[in-house]
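What follows is a set of notes on a single structure, which appears directly below.
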Amino acid sequence: MDEASGQGANHGTERPVEAGLYREAMSRLVAAVHVVTTRTEEGRAGFTATAVASVSDTPPTLLVCLNRRIHSAPAFRRAGVFAVNMLAGEQQALAQAFGGRTAVTGETRFAVGQWHEGRLGVPVLAGAVASFECRLVEARTIATHDVLVGRVEAVTLGPDGPKLAYLGRDFLVV
Ligand SMILES: Cc1cc2nc3c(=O)[nH]c(=O)nc-3n(C[C@H](O)[C@H](O)[C@H](O)COP(=O)(O)O)c2cc1C
């Protein structure tokens, strides 16, 4: 580091990272696309999510980041169970329907795709690459999102064919 100019300084004097720059950098991350679902006494709910990650295989545990502004956010906490459905390449219409980019909301989103009730009573998608049924073990609010940590209690493996991914704010099949 050049002490005089401060060039290359990596501590103390940095400016906060602007959200747009952060989003631009994150748009370069290749991400799998999922539809995360739940069910309460009010019916089924779901949203498209790329912010899904494995936490551990012992015991099988994953996390999902859910924007608290999503209509169904309270339902996910209340239900205490959810399913993470990993989309196949041919399931882009589901990513759109559950992605908040159309006027379709709530239960009516489930008109797209074929759904059945899983072991935990949550909506599981036919033809998904894999579906993970989870029991909510922790929900922590961080910034704008609820981080939902789920213990995986059932896994359904679908066809191991082309998968849907998201990169550069666009869908691609990998
Ligand atoms: C490709 C894609 C990935 C998304 N990933 C996430 C995500 O990881 N977490 C999240 O909270 N919202 C994510 N969203 C946005 C939600 O799907 C969207 O806000 C939600 O469906 C809106 O639901 P509502 O109309 O019921 O409020 C994503 C949307 C798209 C299209």
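The values are calculated or read from the model by the stated rules, or taken from the named source; none is laboratory data. Just so we're clear, the structure is a prediction, and the values are computed from it rather than from any experiment. Here the Cβ positions follow ideal geometry from the backbone for every residue, glycine too, while neighbour counts run over all protein chains shown.
Worth a mention:
- Within segment 92-112, considering residues that are buried (at least 18 other Cβ atoms within 10 Å of the Cβ) and assigned to a helix (DSSP H, G or I), the one nearest to the ligand (Cβ to nearest atom): 95
- Residue match in segment 53-60 (condition: over 10 Å from the mean Cα position of the chain (by Cα) and either within 7 Å of the ligand (Cβ to nearest atom) or acidic (Asp, Glu) (or both)): yes
- Residue match in segment 75-84 (condition: part of a loop (DSSP other than H, G, I, E, B) and within 10 Å of the ligand (Cβ to nearest atom)): no
- Neighbours by Cβ (under 9 Å, 6+ apart or cross-chain): first from segment 78-101, on the phi > 0 side of the Ramachandran plot; second more than 10 Å from the ligand (Cβ to nearest atom) and in a strand (DSSP E or B): 80/38; 80/135; 80/136
- Test result for residue 136, farther than 22 Å from residue 57 by Cα and either surrounded by 15 or more Cβ atoms within 10 Å (Cβ to Cβ) or in contact with a strand residue (DSSP E or B) (Cβ under 9 Å, 6 or more places away or on another chain) (or both): no
- Residue list for segment 119-174, filter: over 17 Å from residue 35 (Cβ atoms), free of Cβ contacts under 8 Å to residues at least 60 places away in the same chain and not in a strand (DSSP E or B): 119, 143, 160
- Unmet requirement for residue 50, which otherwise passes all of (1) more than 7 Å from the ligand (Cβ to nearest atom); (2) touching a residue at least 40 places away in the same chain (Cβ under 8 Å): (1)
- Test: residue in segment 54-73 that is exposed (fewer than 12 other Cβ atoms within 10 Å of the Cβ) and touching a residue at least 60 places away in the same chain (Cβ under 8 Å): yes
- Residues satisfying the stated conditions in segment 103-161, i.e. in contact with a helix residue (DSSP H, G or I) (Cβ under 7 Å, 6 or more places away or on another chain) and within 15 Å of residue 40 (Cα to Cα): 123
- In segment 6-59, of all residues being assigned to a loop (DSSP other than H, G, I, E, B) and of a type in the set (D, E, K, R), the one that is modelled with the lowest pLDDT corresponds to 14.
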